[in-house]
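One structure is given below, encoded as structure tokens.
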Amino acid sequence: MPIAMYPGSFDPVTRGHLDIIKRSSRMFDTLIVAVLNNSAKTPLFTVKEREEMLRECCKDIPNVKVMSFDGLTVNFAQQQHATVMVRGLRAVTDFENEIQLAHTNHALCPGIETVFLSTSLKWSYLSSTIVREAAHYNHDVSKFVTPNVEAALKEKIREGKV
């Protein structure tokens, strides 16, 4: 089976992301969870912190590799010999942007296909932005993230960064 890549900023990783990771890891021999280092954004967590959180969250999924990258996702996918890009869809509103990215990626690298997975209904409303906002106002986010991510968020709050 092909190598697949699930790219994202994962700032922070949520249970919705993990839903997509677990489901797609069953479809491919190898799933690379690729953490984007986007210089145009100022993330809450460093790339290294996001990688560490993801590694902890995915430690029981043997065929998942967590890596980070700069630049175009399709270029990194080619470097890693990935032929499938996994993208999660929460709602119809996600589809417009995602289909545009999929078409652009395919135009740039015809050997890479995009597979869309609908996020489980349980997590369809969830985003990293919502989690950061709720944490900022001291709401319990334990149902949205794993314990290690919750602890990391609490530390950022203590540091005054959320």
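The values are calculated or read from the model by the stated rules, or taken from the named source; none is laboratory data. Model, not experiment: these values are computed from the prediction. Virtual Cβ from ideal backbone geometry, glycine too; neighbours counted across all protein chains shown.
Things worth noting here:
- Number of the condition not met by Gly111 [criteria: (1) modelled with pLDDT of 95 or more; (2) in contact with a Ser or Thr (Cβ under 7 Å, 6 or more places away or on another chain)]: (1)
- Check on Leu101, more than 13 Å from the chain's Cα centre (by Cα) and surrounded by fewer than 18 Cβ atoms within 10 Å (Cβ to Cβ): yes
- Residues of region 20-55 that turn out to be charged (D, E, K, R) and farther than 19 Å from Arg132 by Cα, as a count: 5
- Test for Arg50: is it surrounded by fewer than 16 Cβ atoms within 10 Å (Cβ to Cβ), within 19 Å of Phe144 (Cα to Cα) and not polar (S, T, N, Q): no
- Pairs, first in a helix (DSSP H, G or I) in region 133-161, second small (Gly, Ala, Ser), C-beta under 8 Å, six or more apart: Glu150/Ser142; Leu153/Ala135; Lys154/Ala135; Lys156/Ala135; Ile157/Ala135
- Residues being at pLDDT 95 or above, over 21 Å from Ser120 (Cβ atoms), of a type in the set (D, E, K, R) and part of a helix (DSSP H, G or I) are entirely absent from region 2-20.
- Residue count, region 37-53 (criterion: farther than 11 Å from Ser9 by Cα, modelled with pLDDT of 90 or more and not charged (D, E, K, R)): 1
- Candidates in region 121-158 are the residues that are of a type in the set (Asp, Glu) and under 18 Å from Met53 (Cα atoms); of these, the one that is surrounded by the fewest Cβ atoms within 10 Å (Cβ to Cβ) is Glu155.
- Subset of region 37-55 (residues that are outside any loop (DSSP other than H, G, I, E, B), hydrophobic (A, V, I, L, M, F, W, C) and touching a residue at least 24 places away in the same chain (Cβ under 8 Å)): Met53, Leu54
- Residue list for region 62-79, filter: assigned to a loop (DSSP other than H, G, I, E, B) and either loosely packed, with under 15 Cβ neighbours inside 10 Å or modelled with pLDDT under 95 (or both): Pro62, Asp70, Gly71, Leu72
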